[in-house]
Structure formats: structure tokens, C-alpha cells
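A quick write-up on the structure given underneath.
Each reported figure results from applying straightforward, stated rules to the coordinates on display, with no laboratory input. Here the structure is a predicted model, which means the values were calculated and not measured.
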Amino acid sequence: MPPYWYAIRTRSRHEKLVREQLEARGVEPFLPLVERLRQWKDRRKRVAFPLFPGYCFARFPLSQRITVLATPGVVQILGNQDGAIPVSDEEIGAVRRLVESTLPYDPHPYLKEGMEVEVIRGPLAGLRGILLRKGTRARLVIGVTLIHQAASVELDALDAAPV
């Protein structure tokens, strides 16, 4: 059975530990991060936080399910009563392209309503997502259906076309 991407629910604030532990066990992890400026009394620093708190993604064949579940910090592999449900390669690819781009992005509540669009120009060309209007700029929401989490990025409204 080929490896698929799965969403893994982690213990609170254990996402980075889970990523490291999965990698040490030979499982390919993906933990999208977002940098935020944090201020303390004496300094300011950029800190990387999980884009989807409480979740990490991993690519593995289902035969490695026990290895993944035995990883410290892992709560469960998301799915239903029939078992684990894979996350589509397109959704993982879209989130990966977003976090690797130079565009500023933020976590965003997952939305089912709204217009599905495809980016036609720029570094995110070809990605599909849900469009939210915000003045003369557009906000594209890229979501992972299974975990009901999403990220949003601002772009020129002319760079997106209806699907």
C-alpha cells in the first residue's frame, strides 16, 4: 500500500516534538509554521508557531500506523469509524507552497461558504482556495478539509479567477 498524507492530532504544544519524533522513526512529517513577533520586557523576537495548532501531518503507509500512534505526543490519526482518512496531496501541496512562498500569511478559520477560486498569476499560480474580499485586495483561504483548519494570504483581486 503506498504512503498517503494523514492529519495527526497532537497533545497541546507538542507539534514540534511530534515532528522530530516522527522523523527519527523514518516517517515523513510536515509541520507548517508561521512566524510571529513576540515581545518580552527586555526584547522582541520572531518565533515560529504551528500554522494549525494541535495538528501535524505525516506521510506513511497504513502499515506504519502503530509506529505513528506510539510516537510521544501523538493523540490520534484523524479519520472516522472506518479508520484513518488521508489528506489529499493537493491540499498538502497547497499549504506547502503557501508556507514556502514569500507572501505574508496568517491562520484563518476554515470556511465552507464562499467562492472557490484559482490563482492565475504570481507565486501561488494554480492553487485553488476560497476567496474572501477585503477592500481592493483579496484574501485567499487555503484549507485542509479533514482538520477544519485553514490559512489565508492577501493578494491582488485580479490574480484570482472563479473556478
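Using only the alpha-carbon atoms, how far is helix 89-100 inclined from the longest principal axis of the chain? Give it as 0 to 90 degrees, nearest 10.
Approximately 70 degrees, to the nearest 10.
At 222 nm, what value in deg cm²/dmol follows for the chain if DSSP H runs of at least 4 each add -39500 (n - 2.57) and the sum is divided by all its residues, to the nearest 500? All intermediate terms of the calculation are to be shown ahead of the outcome.
Working: 3 runs with 27 residues, N = 163.
That calculation yields -4500 deg cm²/dmol at 222 nm.
Under a 5 Å amide H to amide H cut-off, with H placed in plane at 1.01 Å, what residues pair with residue 79 once short-range neighbours are removed?
85
Quick one: compute the contact order of the chain, relative version, from alpha carbon pairs under 8 angstrom and 6+ residues apart, as a percent.
Numbers: 321 pairs, mean separation 37.0, N = 163.
23 percent.
Using only Cα atoms, figure out Rg for segment 1-129 and give it as a multiple of 2.2 N^0.38 Å. Present the calculation step by step, with values, prior to reporting the outcome.
Values: Rg = 16.3 Å, N = 129, 2.2 N^0.38 = 13.9 Å.
Its radius of gyration relative to the 2.2 N^0.38 Å reference: 1.17.
Over the Cα atoms of segment 71-125, each weighted equally, I'd like the Debye log10 I(q)/I(0) at q = 0.12, 0.16, 0.25, 0.30 Å⁻¹, rounded to two decimals.
Result of the Debye calculation: -0.46, -0.77, -1.23, -1.28.
Would you mind calculating the relative contact order of segment 1-59 from Cα pairs under 8 angstrom and at least 6 residues apart, reporting the percent as a whole number?
Details: 90 pairs, mean separation 28.2, N = 59.
Relative contact order comes out at 48 percent.
Could you tell me how far the Cα centroid of segment 7-25 sits from the Cα centroid of segment 53-106, in Å?
Spelled out, the Cα-based centre of one part sits 10 Å from the other.
Which of 69, 37, 17 ends up with the largest GNM mean-square fluctuation for the chain, with Cα atoms connected below 10 Å?
37
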